[in-house]
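Right, one structure below, let's go through it.
The values are calculated or read from the model by the stated rules, or taken from the named source; none is laboratory data. This is a predicted model, so every value here is computed, not measured. Don't worry about glycine lacking a Cβ; one is built from the backbone with ideal geometry, like all the others, and counts go over all protein chains shown. For the accessible areas, the whole protein counts, side chains as well, though only heavy atoms, and no ligand, DNA or RNA atoms are used. Shrake-Rupley method; radii C 1.70, N 1.55, O 1.52, S 1.80 Å.
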Amino acid sequence: MTAMTPAGTAPDTISIDKAVKIYGSGPGQHVALNGVDVTIERGQFVSIIGPSGCGKSTLLRLIAGLEVADAGDVSVFGVSPEKACAAKMIGLVPQTPALLPWLTVLKNVSLPARINTGADRRRQRIGGHVGKNAPDMRDLLTKAGLGDALDKLPAQLSGGMQQRTAIVRAFGVQPDVLLMDEPFSALDEFTRESIQGQLLDIWDQMNTTVVFVTHSVTEAVRLSDKVLVMSAGPGRITASVDITLDRPRSEAMLKTAEFHHFEDVIRDHLQSAWRNGPLSSAA
Ligand SMILES: Nc1ncnc2c1ncn2[C@@H]1O[C@H](COP(=O)(O)OP(=O)(O)O)[C@@H](O)[C@H]1O
Ligand SMILES: [Mg+2]
């Protein structure tokens, strides 16, 4: 047994230090991540962007404690990912919403808080932030544009509405960190833009740390305090860009020169990562 970190003394960052992740062994082995360093401050919204297969999901899975690094260290607000996970400090929004089909929207989002009561004590002991007041799920659903859908079943919702329900459900347990793996990739562009605004409203209210994987440069710039650019072969972080645009970030801001400037910076980083990666010769 390792000693408990006393509540309140946990470093307020998610830190990944020289992380290496190798899948398989022998000649077929694949180095998915090689020497990845990341620091994320509490409350930040950080996006990870990079080509398919560069290790974005692997990186999220290391933070979530679903994979273990072969070398290097991962710590989530002062504790190991496994411990953070057991204490329900970590929430995960997958690419597909995975709602329970027989429960209404309101019941789907209320369920986790009701079955996770034991985790709160574990979380407090290791220095996780346990919200004093559970959020009002009706209020969060309304913020997400689902005020009229509280009593609907998932099958009665559009794809965008289902994904918004999954997001509200994840925020509802007030995780210290919410990991989102391309949650909007199946949605059309218009739905995406409005759902981004709703996500930002909820994030603003909940003060959750978010690590968000996306393929979209525009999405990364709009949502984030910081964008980490990854390249493949093996996966590593090639740039970290602070997005210093004011908040709130309205849809109107997407058309400004300042916004385009950040998009250009990230596209340039992505292109040079692409040129230097092994995929360029394999394509
Ligand atoms: N469980 C696994 N076993 C073997 N290889 C894997 C496994 N998971 C991912 N990989 C490989 O590791 C690399 C990174 O994968 P992943 O993290 O899913 O990338 P991304 O999310 O950026 O598309 C890819 O080449 C992928 O094929
Ligand atoms: Mg992925």
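Structural remarks
- Some residue of region 69-79 being within 16 Å of ligand 2 (Cβ to nearest atom), open to solvent by 20 Å² or more (accessible area, probe 1.4 Å), outside any loop (DSSP other than H, G, I, E, B) and modelled with pLDDT of 80 or more: no
- Near pairs, Cβ below 6 angstrom, 6+ apart or cross-chain, from region 232-252 (under 29 Å from A69 (Cα atoms)) to any residue that is within 13 Å of ligand 1 (Cβ to nearest atom) and in a loop (DSSP other than H, G, I, E, B): A232/P51; A232/G53; A232/C54; A232/G277; G233/G277; G233/P278; G235/C54; G235/G55
- Screening region 187-283 for helices (runs of 4 or more DSSP H) wholly inside it with 2 or more residues that are more than 23 Å from L60 (Cβ to Cβ) and open to solvent by 30 Å² or more (accessible area, probe 1.4 Å) returns the ranges 189-206, 257-276, 279-282.
A quick yes/no check of all residues on (1) of a type outside the set (S, T, N, Q); (2) crowded, with 19+ Cβ neighbours inside 10 Å; (3) at pLDDT 95 or above; (4) within 16 Å of ligand 2 (Cβ to nearest atom):
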| site | (1), (2), (3), (4) |
| --- | --- |
| S47 | no, yes, yes, yes |
| T58 | no, yes, yes, yes |
| I63 | yes, yes, yes, yes |
| K83 | yes, yes, no, no |
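- Filtered by the rule that a residue be acidic (D, E) and within 21 Å of the chain's Cα centre (by Cα), region 126-176 gives a lone residue, D176.
- Top-ranked residue of region 21-37 - restricted to ones that are away from ligand 2 (no atom under 16 Å from the Cβ) and either assigned to a strand (DSSP E or B) or acidic (D, E) (or both), ranked as nearest to the chain's Cα centre (by Cα): D37
Matching residues to (1) within 16 Å of ligand 1 (Cβ to nearest atom); (2) at pLDDT below 95; (3) farther than 30 Å from N133 by Cα; (4) in contact with a strand residue (DSSP E or B) (Cβ under 6 Å, 6 or more places away or on another chain):
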site	(1), (2), (3), (4)
S224	no, no, no, yes
I237	yes, no, yes, yes
L245	no, no, yes, no
K255	no, no, yes, no
E258	no, no, yes, no
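- F184 fulfils the conditions (1) part of a loop (DSSP other than H, G, I, E, B); (2) within 16 Å of ligand 1 (Cβ to nearest atom); (3) surrounded by fewer than 23 Cβ atoms within 10 Å (Cβ to Cβ) except for a single criterion, (3).
- Among the numbered conditions (1) modelled with pLDDT of 95 or more; (2) under 24 Å from I167 (Cα atoms); (3) outside any helix (DSSP H, G or I), the only one that A98 does not meet is (1).
- Flag for G53 being small (G, A, S), on the phi > 0 side of the Ramachandran plot, surrounded by fewer than 18 Cβ atoms within 10 Å (Cβ to Cβ) and within 16 Å of ligand 2 (Cβ to nearest atom): yes
- Filtering region 187-222 to residues that are within 16 Å of ligand 1 (Cβ to nearest atom) and closer than 12 Å to E251 by Cα leaves only E219.
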